[in-house]
C-alpha cells in the first residue's frame with residue numbers, strides 16, 4: 001500500500017501534518033505560532049489519522065510531536081484554543097454553542113482513543129505540555145521528556161478544571177500530588193514528571209533532531225524498532241524536586257476542602273517559602289473552580305477513565321451554561337488572561353469561604369441521561 005493511501009484527507013488546513021515511513025505513522029502538530037494549541041479541526045484530523053492507522057496493518061506504531069519555531073522555545077502543545085472557547089461562549093448563537101460542545105466531546109473521545117490505542121503511540125513531549133497537550137500525551141505507551149519539558153494542568157488559572165482526563169491521570173499520582181498539581185497548576189520538569197508517573201523516559205533535546213530524522217527517513221521495519229530508536233538515546237533524568245516536597249504536599253493537600261488546605265498553608269507560611277508561594281498561587285485562582293476541581297479529583301479516583309471523561313464532559317458543559325456568557329468563571333478567566341490581558345479576573349465568589357456545597361454540586365449534575373450522554377460509547 002502506498003504512503004498516500006495510508007493518509008486520509010485532512011481538514012485542518014496544514015495545522016496537522018501526517019507522514020508515513022515504513023511501519024511508522026508520524027503526526028506533527030503544526031500550529032507553532034500558537035504553541036501548537038489544539039483547534040477543533042486538529043482534533044478531528046488526529047482522530048481520523050489514529051482510527052485509519054489502527055485499522056491499517058501496514059502501520060505498527062505512531063509518533064506525535066510538535067512543530068518548532070526557529071530560535072524560539074519548544075512547545076509540544078500548550079492546550080486547547082482558549083480564545084475559541086471565549087469567542088464561542090460569548091457569541092450567543094446556536095452555531096457557536098454547538099461548536100464549543102463539539103470541541104469538548106471530540107477532544108475527550110480522542111483522549112480516550114489514545115489511552116486505549118492498540119498500537120504503540122509515542123509522544124515527544126519537548127517544551128510546553130499543558131492542558132490539552134497532556135490529554136494527547138498521557139495515554140501514550142512511551143512519554144518522552146527533555147530538559148525543556150514543562151508539564152502542567154493550569155486550568156484553575158482560567159476558571160476551568162483539569163479536564164482531558166486530568167481527574168483520572170492526576171489522581172494516579174502518588175500521595176496528594178494530584179491535588180497540588182490540579183489546584184495550583186504548578187509546572188513540573190522531566191524529573192518530577194517521571195517521579196510522579198506523568199512521563200516515562202528522558203532524552204536530551206540535542207538528541208531530538210537525530211531521533212526525528214530517523215523516524216522520518218530511517219529504516220522503520222517494526223514497532224519494536226521505533227521504540228528502540230527512543231531507548232537507545234535515553235539518558236538519566238534530572239533529579240526531581242518532588243521528593244523534597246512530598247511530605248509538605250501530603251501534609252497540606254490531604255485536607256478535606258480547599259479552605260482547609262489554604263488554612264494549613266497559612267499556618268506555616270511565615271517559616272516556609274514554598275508554602276507561602278503555594279498559598280499566593282491559590283489566592284489567584286477561582287475559588288469556585290478550585291472547589292469543583294478538588295471534588296473532581298477525589299471522585300475520579302473511584303472511576304475508570306471512561307467514567308471520568310463522562311464526568312468531565314458534564315463539568316465542562318456546566319462551566320459554560322450554569323452562568324452563560326460573560327458570567328461564566330471560565331469566560332472571565334480567559335478574558336483576564338488572554339483577551340483583555342489585565343490579569344485581574346473578577347471571580348464570583350471572590351473568597352473560598354463563600355463557596356457553598358450546593359454551588360459545587362451543581363457542576364456534577366449531568367444534563368444528559370446515560371443513554372443520551374455524548375460520550376456514552378466510551379468503555
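Of the residues 10, 65, 110, which single one is in contact (Cβ under 8 Å) with a residue 12 or more places away in the chain, part of a helix (DSSP H, G or I) and either touching a strand residue (DSSP E or B) at 6+ places or on another chain (Cβ under 6 Å) or assigned by TED's automatic domain parsing to the domain that holds residue 227 (or both)?
Sole residue among the options that is in contact (Cβ under 8 Å) with a residue 12 or more places away in the chain, part of a helix (DSSP H, G or I) and either touching a strand residue (DSSP E or B) at 6+ places or on another chain (Cβ under 6 Å) or assigned by TED's automatic domain parsing to the domain that holds residue 227 (or both): 110.
Being within 14 Å of the chain's Cα centre (by Cα), part of a loop (DSSP other than H, G, I, E, B) and closer than 19 Å to residue 333 by Cα, is that true of even one residue in the stretch 189-206?
No.
Suppose the filter is out of contact with any strand residue (DSSP E or B) (no Cβ under 9 Å at 6 or more places or on another chain), in contact (Cβ under 8 Å) with a residue 40 or more places away in the chain and outside the structural domain of residue 329 (by TED's automatic domain parsing); does residue 59 pass it?
No; evaluated as a whole, the condition is false for this residue.
Against the condition more than 30 Å from residue 335 (Cα to Cα), surrounded by 13 or more Cβ atoms within 10 Å (Cβ to Cβ), touching a residue at least 12 places away in the same chain (Cβ under 8 Å) and under 25 Å from the mean Cα position of the chain (by Cα), how does residue 245 come out, does it pass?
Values: more than 30 Å from residue 335 (Cα to Cα): yes; surrounded by 13 or more Cβ atoms within 10 Å (Cβ to Cβ): yes; touching a residue at least 12 places away in the same chain (Cβ under 8 Å): yes; under 25 Å from the mean Cα position of the chain (by Cα): yes.
Yes: the conditions hold for residue 245.
So residue 370 fits all but one of (1) free of Cβ contacts under 8 Å to residues at least 12 places away in the same chain; (2) more than 23 Å from residue 97 (Cα to Cα); what number is the exception?
Unmet for residue 370, out of (1) free of Cβ contacts under 8 Å to residues at least 12 places away in the same chain; (2) more than 23 Å from residue 97 (Cα to Cα): (2).
Looking only at the stretch 349-365, which residues are part of a loop (DSSP other than H, G, I, E, B) and buried (at least 16 other Cβ atoms within 10 Å of the Cβ)?
Selection gives 355 alone.
Return only the number of the condition from (1) without any contact (Cβ under 8 Å) to a residue 40 or more places away in the chain; (2) buried (at least 17 other Cβ atoms within 10 Å of the Cβ); (3) under 27 Å from residue 60 (Cβ atoms) that residue 193 does not satisfy.
Here residue 193 clears every test but (1).
Could you list all residues from the stretch 158-187 that are over 24 Å from residue 260 (Cβ atoms) and out of contact with any helix residue (DSSP H, G or I) (no Cβ under 7 Å at 6 or more places or on another chain)?
Matches in the stretch 158-187: 169, 187.
Among the residues that make up the stretch 77-96, is at least one of them surrounded by 23 or more Cβ atoms within 10 Å (Cβ to Cβ), without any contact (Cβ under 8 Å) to a residue 24 or more places away in the chain and closer than 29 Å to residue 333 by Cβ?
The answer is yes, given that some residue of the stretch 77-96 is surrounded by 23 or more Cβ atoms within 10 Å (Cβ to Cβ), without any contact (Cβ under 8 Å) to a residue 24 or more places away in the chain and closer than 29 Å to residue 333 by Cβ.
From the residues in the stretch 13-40 that are in contact (Cβ under 8 Å) with a residue 60 or more places away in the chain and outside any loop (DSSP other than H, G, I, E, B), which one is nearest to residue 219 (Cα to Cα)? Write out each step before concluding.
Filtering the stretch 13-40 for residues in contact (Cβ under 8 Å) with a residue 60 or more places away in the chain gives 19, 21-24, 26, 35-38, 40.
Right, trim to outside any loop (DSSP other than H, G, I, E, B) and you get 19, 21, 24, 26, 38, 40.
On the way: 19: 14, 21: 8, 24: 10, 26: 14, 38: 31, 40: 33 Å.
So the residue we want is 21.
So, of the residues in the stretch 115-133 that are touching a helix residue (DSSP H, G or I) at 6+ places or on another chain (Cβ under 7 Å) and in a helix (DSSP H, G or I), which turns out to be surrounded by the fewest Cβ atoms within 10 Å (Cβ to Cβ)?
Out of the qualifying residues, it is 115.
The values are calculated or read from the model by the stated rules, or taken from the named source; none is laboratory data. These numbers were taken from a predicted model, which means no experiment stands behind them. Cβ atoms come from the backbone with ideal geometry, glycine included; neighbour counts cover every protein chain shown.
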